[in-house]
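The values are calculated or read from the model by the stated rules, or taken from the named source; none is laboratory data. Owing to the predicted nature of the structure, the values given are computational and were not obtained by experimental measurement. Ideal geometry is used to build each Cβ from the backbone, glycine not excepted, and the neighbour counts take in all protein chains shown.
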Amino acid sequence: MKIGKHVSARLSSIRVIAVNKKIIVGLSIFLFFIIAALFAPLKAPYNVMQIGMFEKNLPPSSSHPLGTDIYGRDIADQLIVGLRNSLLIGMLAGAAGTVIGLIFGLLAGYKGGLTDHIIRSVTDSFLVVPTWPLLILIAAYLRTLSITDMALIIAAFSWPWSTRTIRAQTLSWKEREFVKLAKVNNLSDFEIAFREILPNMLPYIGVIFGSSVTSAMATEAALELIGIGPTNISTLGRILQQSFYFGALARGMYWWFFPPVICLIAIFISLQLINMGLDEVYNPRLKKITGL
């Protein structure tokens, strides 16, 4: 009977999520970009950063939908490959930061005591350290960065926020009746934290992951704008940096500047819509307001 109630509750949650307009719109936009990124190798099977492939500074045409840049590179091909690379950086950094925050947050919130004190102290230390100067120094010191390098550098400074959020949720969930029942049944701390508490926090983890991806992509673009980041691969931030550097807007080359900006804004909006939808579904206060 108890299992049946849990299954019914889960199915009910899935049905509510499936009819939430914000989640549907957000997922549709995000999946569109994911699918476009997956087709990048077919659209541009060559090195899009190679100079002199085409005539320089061409306006949009049937052959080059977004024209070419000052180096004679197809901007549309750069954009789709850059979209794939930026999404990879964002999702790798978001996943790494979320996993680290999940482990530390669960340990701190459930164990409490000395464990909580140590993790909170380390987390607070990272939060008060000026992140941007350190990111710039590390990225500049490494000189040549790969997608994985950039993602790990960003994740190294993004996990404290995830840790604090998950710790706060764990403190709330560990006082619930099902946790007390699990203790009576002699389940280990690991089983209670990761098998009983964790599944109930999946919606919050989804929100944290979406926010982490957004933050990572924005950080990558910002680092690229100041000339720090992977120089041998195309990213949305790299396209923006070069369009700024060569005065694309002053030259009237709007097709060089606006497409990466539109892609970044659309991705951020889609993830924010998903987060808002999940909040509406699982936040008790919003459920009362929206009537979900």
Would you please list the contacts, defined by Cβ atoms under 7 Å and residues six or more apart or on different chains, that run from a residue in the range 246-269 that is touching a residue at least 40 places away in the same chain (Cβ under 8 Å) and within 22 Å of Ala37 (Cα to Cα) to a residue that is in a loop (DSSP other than H, G, I, E, B) and among the charged types (D, E, K, R)? Trp256/Asp69
Residue under evaluation Val48, criteria (1) surrounded by 12 or more Cβ atoms within 10 Å (Cβ to Cβ); (2) more than 28 Å from the chain's Cα centre (by Cα), criterion not met: (2)
The range 111-127 residues that are without any contact (Cβ under 8 Å) to a residue 24 or more places away in the chain and more than 18 Å from Asp189 (Cβ to Cβ), paired with ones that are in a helix (DSSP H, G or I) and of a type outside the set (Val, Ile, Thr) (beta carbon under 6 Å, 6 or more apart): none
Go through the range 221-250 and count every residue that is out of contact with any Ser or Thr (no Cβ under 6 Å at 6 or more places or on another chain), under 21 Å from Thr148 (Cβ atoms) and either among the small types (Gly, Ala, Ser) or modelled with pLDDT of 90 or more (or both). 9
Kindly provide the set of residues from the range 228-255 that are among the charged types (D, E, K, R) and surrounded by fewer than 21 Cβ atoms within 10 Å (Cβ to Cβ), ordered by number. Arg251
Which of the residues belonging to the range 216-227 are surrounded by fewer than 22 Cβ atoms within 10 Å (Cβ to Cβ) and touching a residue at least 60 places away in the same chain (Cβ under 8 Å)? Ile226
Can you work out which of the residues in the range 29-52 that are in a loop (DSSP other than H, G, I, E, B) and aromatic (Phe, Trp, Tyr) is nearest to Asp69 (Cα to Cα)? Tyr46
Just give me the residues in the range 67-92 being farther than 21 Å from Thr231 by Cβ and in a loop (DSSP other than H, G, I, E, B), in sequence order. Gly67
Among (1) part of a helix (DSSP H, G or I); (2) at pLDDT below 80, the one test that Leu145 misses: (1)
